[in-house]
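A quick write-up on the structure given underneath.
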Amino acid sequence: MSILVTGGAGYIGSHISVELLNSNYDVIIIDNLCNSKIETIRRIKEITGKGLKFYHKDLLDQNSLDLLFQMNNIDAVIHLAGLKAVGESVQFPLMYYRKNIVSTMNLCEAMQTHNVKRLVFSSSATVYGAAARVPIQEDEIIQPTNPYGRTKAIIEQMLYDQYTSDKSWSIAILRYFNPIGAHASGLIGEDPKSIPNNLLPYISQVASGKLKKLNIYGRDYQTPDGTGIRDYLHVTDLAKGHLRALEKVMSSTGTDTYNLGTGNGYSVLDMILVFEKISGIPIPFQFVENRQGDVAISLASPEKSKIILGWAAEKGIEEMCRDAWHWELNNSSE
Ligand code: NAD
Ligand code: WQD
């Protein structure tokens, strides 16, 4: 079976591609490399000992997309390509609407034209905004607080509309909580181009000496230690969730939405302690102002994914941090 992975050279897409190849799927990646490197494609092959097809193309280029679908017998698409920086999306909303929404429209149009109607889409827990109830269930109100989150919410709606118009589509919308860690080989992982926005890459770079200290955004949240609580999950568990979702879309039609998270929450101070334990390196920090748009607690209810997809995260917080640290050590000179 042949799977098109959009954004497959990126952090999450590369881990999904590894899991797909390990499960004997044929993999075709399209990526414009705006936030990734060609070296990652080589490393996916190295880890799996298998080949794949790579198209260095942009989803906004409809002709190339059309040609790609013409030249390959694609059974299903896992769509990850897009921009994901919350702050940047506030600064450049139009760019986010074009690069996330228009590119998804192009992809779905090419899929419709070429009769490929099985899709797994990367959404985000950010669509919930400040949810009234935690753990968050999939039927929680959608109220994103930034343009990035709104692009995900709009795409979700667009996919439901597409299914309503043509019931032979089969779509799984996956709302990721906080993916961290790296492949156990240390060969692929998250590779931020500038100063990281997210907690784990920032802590890793403090530990490796690239950054001096961590700024903790706020100490007065309604949480036991006053810092924000998140549902961190290992990127390899997340990747495996995509294979379960793929099996689901291959075996039925319909559209459904699933949280991918562990259901366990860790505060910023918890994460510092775990990272210090596994690395043996102290992480200096200081408290600074709350970051605009941050919520106190984001925690998934993973029940629906467990029951319907048969997926549950397996790796614990220490393994997540250990793999993140291994990746940082392997790649810190690059
Ligand atoms: P990433 O930036 O590492 O990967 C995205 C990939 O898409 C990159 O390789 C980039 O070069 C490519 N790309 C972007 N625009 C493209 C375009 N127009 N045409 C072709 N390729 C394009 O990001 P990631 O962390 O791997 O995230 C993957 C997906 O998961 C994104 O849609 C993101 O919004 C979503 N997501 C990520 C997180 C997270 O914390 N990392 C959480 C929730 C959801
Ligand atoms: C985690 C906690 C921060 C950095 C973001 C996006 C979301 C999703 C995942 C894509 C919070 C604190 C962080 C730092 C800190 N991405 N923190 N100092 O905010 O849950 O989600 O990434 O969809 O859309 O918004 O993750 O890793 O940025 O923050 O104190 O330097 O760490 O305040 O409590 P977040 P994060």
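Where a number appears in this text, it was derived from the coordinates with a stated rule and is not lab data. Since we're looking at a predicted model, the values are computed, not measured. As a convention, Cβ positions derive from the backbone with ideal geometry for all residues, glycine included, and neighbour counts pool all protein chains shown.
A few remarks follow.
Table: residues versus (1) away from ligand 2 (no atom under 14 Å from the Cβ); (2) more than 25 Å from I29 (Cβ to Cβ); (3) surrounded by fewer than 15 Cβ atoms within 10 Å (Cβ to Cβ).
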{"position": "N63", "(1), (2), (3)": "yes, no, yes"}
{"position": "L67", "(1), (2), (3)": "yes, no, yes"}
{"position": "A76", "(1), (2), (3)": "yes, no, no"}
{"position": "V90", "(1), (2), (3)": "no, yes, no"}
{"position": "C108", "(1), (2), (3)": "yes, no, no"}
{"position": "E140", "(1), (2), (3)": "yes, yes, no"}
{"position": "Q143", "(1), (2), (3)": "no, yes, yes"}
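- Filter result (free of Cβ contacts under 8 Å to residues at least 40 places away in the same chain, hydroxyl-bearing (S, T, Y) and near ligand 2 (Cβ under 8 Å from one of its atoms)) within region 173-218: Y202
- Single residue of K306, K248, K212 found to be outside any helix (DSSP H, G or I) and of a type outside the set (S, T, N, Q): K212
- Restricting attention to region 220-261, the residues that are within 14 Å of ligand 2 (Cβ to nearest atom) and either farther than 16 Å from F177 by Cα or among the hydroxyl-bearing types (S, T, Y) (or both) total 9.
- When A125 is tested against (1) free of Cβ contacts under 8 Å to residues at least 60 places away in the same chain; (2) touching a Lys or Arg at 6+ places or on another chain (Cβ under 8 Å), just one condition goes unmet, and that condition is (1).
- Residues of region 199-209 that are away from ligand 1 (no atom under 14 Å from the Cβ), out of contact with any Phe, Trp or Tyr (no Cβ under 7 Å at 6 or more places or on another chain) and assigned to a helix (DSSP H, G or I): Q205, V206.
- Flag if I278 is in contact with a helix residue (DSSP H, G or I) (Cβ under 6 Å, 6 or more places away or on another chain) and in a helix (DSSP H, G or I): yes
- If you filter region 57-90 down to residues that are of a type outside the set (A, V, I, L, M) and away from ligand 1 (no atom under 14 Å from the Cβ), you find that the one that is nearest to the chain's Cα centre (by Cα) is D75.
- All conditions but one from (1) hydrophobic (A, V, I, L, M, F, W, C); (2) more than 9 Å from ligand 1 (Cβ to nearest atom); (3) farther than 22 Å from T236 by Cβ; (4) touching a residue at least 12 places away in the same chain (Cβ under 8 Å) apply to F54; the one that does not is (3).
- Looking only at residues in region 141-198 that are in a loop (DSSP other than H, G, I, E, B) and basic (K, R), the one that is nearest to ligand 1 (Cβ to nearest atom) is K193.
- Search result, residues across region 286-317 that are more than 25 Å from T145 (Cβ to Cβ) and of a type outside the set (D, E): Q286, K306, I307, I308, L309, G310, W311, A312, A313, K315, G316, I317
- Scan of region 168-201 for residues that are crowded, with 19+ Cβ neighbours inside 10 Å and more than 19 Å from G13 (Cα to Cα), ordered by number: W169, S170, L199
- Residue match in region 275-294 (condition: touching a residue at least 12 places away in the same chain (Cβ under 8 Å), under 14 Å from A125 (Cα atoms), out of contact with any Pro (no Cβ under 6 Å at 6 or more places or on another chain) and within 11 Å of ligand 2 (Cβ to nearest atom)): yes
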